[in-house]
Amino acid sequence: MREGTARAIIVLGSNIERERNLPEAIRMLRRAEHVRVENVSGFYESPSVGGPAGAPDFFNAAALVCTELDPKGLRAVLRGIEAVLGRERGDDPDAPRRIDLDIAYYGDSEFDLDGWRIPDPAAITEPHVAIPIAEVAPDWVHPADGRTVSEIAEQIGRGEVRPVMAIHLNSPYTPRAPEDFDDVVDVYAPRFEGLVREQLVEIGEDPDREGLVRTPLRVAKAMDFLTSGYSTSLEEVVNDAVFDAEGADEMVLVKDIEFYSMCEHHMLPFFGKAAVAYLPKGKIIGLSKVARIVDVFARRLQVQERLTNQVADALIDILDPHGVAVTMQGRHLCMMMRGVQKQESAMVTSAMRGTFITDPRTRNEFLDLAR
């Protein structure tokens, strides 16, 4: 974990439109700036605790995050998500709610945050809090109690808490529900899906006809994937795959790296191949990480010129090499499908740093090898 960052556990709950609000809150948490979600529990159903008679049951979950924010900053992010989803905080802490996000643990710290105790006292007394926490970070040690959270959950017992949904993390942002969970599997990003429905209506389509019923859901999932670079950090991608390599001072080149991105002017795709080279200064990076770095910046709304420079600057920051060179050749659907409609046109961009600028022979060697 990078210096200046901390791990925290966030607990989430909802008993108003819970099938929609809980997945949406997790999706927004993944997109929050300075917060990286490392693990998410399944969803658990439990009766309302302390609420009015007949209050609907809650869905609860937990998320393990890594953050550069202090507790107040992190809580501000959580309150912002609650506000977007329509949470109105009143005097009754047990009232039904659209969404509830709170910090249960922040590192190994113990403190009071404007009346909210961290660690959350409910983490050692309430199954609906302890069980999701134990799923995301079983070896986490309670700083005052001394037990791991898995030991706490086991000793509390399940009570009336039952699992109702698993989160399938290998497919980002996608909830995977069991067969008996009604239609929750069709819920993904309600606000986003609503915007897509409006767009379909605007162009004269019927979003309820057979071929379009699931289109808003599909578009939301696709856009989350195609813009996942916004919520992916270089630290996460590199993942300590930088190695000492004394004596390695010759050019390292990875070429024919396929990339897919979206033009920020028309939100239409552009795609092509990249060549990335660097001259090591005592450090090298894992081969696959070069392609992953391209993906981090390509999976955002982009222009090719900026994308090329961002990849070059990232390698400078990570390796501090003698030099970096990047070329990209892309085809842009915003030019091929509309405007001048030139299907065979291609755009070539380059970014040179260090020795690739100052030494023409090195630059020419790269350009020859990259062809």
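The values are calculated or read from the model by the stated rules, or taken from the named source; none is laboratory data. The structure displayed is predicted, hence computed values, not measured ones. With ideal geometry, Cβ positions are generated from the backbone for all residues, glycine too; neighbour counts draw on all protein chains shown.
Checking each residue in region 1-27 for being surrounded by fewer than 21 Cβ atoms within 10 Å (Cβ to Cβ) and without any contact (Cβ under 8 Å) to a residue 60 or more places away in the chain picks out only Glu3.
Every residue, every condition in (1) under 22 Å from Glu236 (Cα atoms); (2) surrounded by 21 or more Cβ atoms within 10 Å (Cβ to Cβ), yes or no:
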{"residue": "Phe297", "(1), (2)": "yes, yes"}
{"residue": "His322", "(1), (2)": "no, no"}
{"residue": "Ala325", "(1), (2)": "no, yes"}
{"residue": "Met328", "(1), (2)": "no, yes"}
{"residue": "Met336", "(1), (2)": "no, no"}
{"residue": "Gln341", "(1), (2)": "no, no"}
{"residue": "Ser350", "(1), (2)": "no, no"}
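Considered as a group, the residues in region 250-294 that are under 13 Å from Ala325 (Cα atoms) and small (Gly, Ala, Ser) include one that is nearest to the chain's Cα centre (by Cα), and that residue is Ala274.
Condition test on Ala130, is it surrounded by 20 or more Cβ atoms within 10 Å (Cβ to Cβ) and either modelled with pLDDT of 95 or more or assigned to a strand (DSSP E or B) (or both)? Criteria met by Ala130.
Among the residues making up region 194-203, those that are farther than 27 Å from Met165 by Cα and surrounded by fewer than 15 Cβ atoms within 10 Å (Cβ to Cβ) are Glu198, Gln199, Val201, Glu202, Ile203. On the stretch given as region 102-117, residues that are within 21 Å of Ser14 (Cα to Cα) and in contact (Cβ under 8 Å) with a residue 60 or more places away in the chain total 4.
Yes/no per residue for (1) at pLDDT below 90; (2) exposed (fewer than 13 other Cβ atoms within 10 Å of the Cβ):
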{"site": "Val164", "(1), (2)": "yes, no"}
{"site": "Arg176", "(1), (2)": "yes, no"}
{"site": "Val185", "(1), (2)": "yes, no"}
{"site": "Phe192", "(1), (2)": "yes, no"}
{"site": "Glu205", "(1), (2)": "no, no"}
{"site": "Asp208", "(1), (2)": "no, yes"}
{"site": "Leu212", "(1), (2)": "no, no"}
{"site": "Tyr230", "(1), (2)": "yes, no"}
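Applying a threshold of 7 Å to beta carbon distances and a minimum spacing of six or more residues, or different chains, the list of pairs starting in region 197-221 at a residue that is within 23 Å of Arg30 (Cα to Cα) and ending at one that is surrounded by fewer than 15 Cβ atoms within 10 Å (Cβ to Cβ) reads Leu217/Asp186.
Do we find a residue being assigned by TED's automatic domain parsing to the domain that holds Glu344 and touching a Lys or Arg at 6+ places or on another chain (Cβ under 7 Å) anywhere in region 280-297?
Looking through region 280-297, none of the residues is assigned by TED's automatic domain parsing to the domain that holds Glu344 and touching a Lys or Arg at 6+ places or on another chain (Cβ under 7 Å).
Filtered by the rule that a residue be in contact with a Lys or Arg (Cβ under 7 Å, 6 or more places away or on another chain), outside any strand (DSSP E or B) and of a type in the set (A, V, I, L, M, F, W, C), region 222-276 gives Leu226, Val237, Val238, Ala241, Ala245. Within region 295-313, which residues are under 18 Å from Thr227 (Cα atoms) and either of a type in the set (A, V, I, L, M) or not in a helix (DSSP H, G or I) (or both)? Those that are under 18 Å from Thr227 (Cα atoms) and either of a type in the set (A, V, I, L, M) or not in a helix (DSSP H, G or I) (or both): Val296, Ala298, Arg299, Arg300, Leu301, Gln302, Val303, Leu307, Val311. Residues of region 72-92 that are free of Cβ contacts under 8 Å to residues at least 12 places away in the same chain and assigned to a loop (DSSP other than H, G, I, E, B): Glu88, Arg89, Gly90, Asp91, Asp92. Filtering region 135-164 to residues that are over 30 Å from the mean Cα position of the chain (by Cα) and outside any loop (DSSP other than H, G, I, E, B) leaves Glu154, Gln155, Ile156. Between Thr355, Thr327, Thr349, the distinction of being in contact with a helix residue (DSSP H, G or I) (Cβ under 7 Å, 6 or more places away or on another chain), under 22 Å from Thr227 (Cβ atoms) and of a type in the set (Ser, Thr, Tyr) belongs to Thr349 only. Taking region 327-371 as the range and being assigned to a strand (DSSP E or B) and of a type in the set (Lys, Arg) as the test, the residues that pass are Arg331, Arg353. Give me the residue from region 52-78 that is surrounded by 14 or more Cβ atoms within 10 Å (Cβ to Cβ) and among the charged types (D, E, K, R) and, out of that set, modelled with the highest pLDDT. Here the answer is Arg75.
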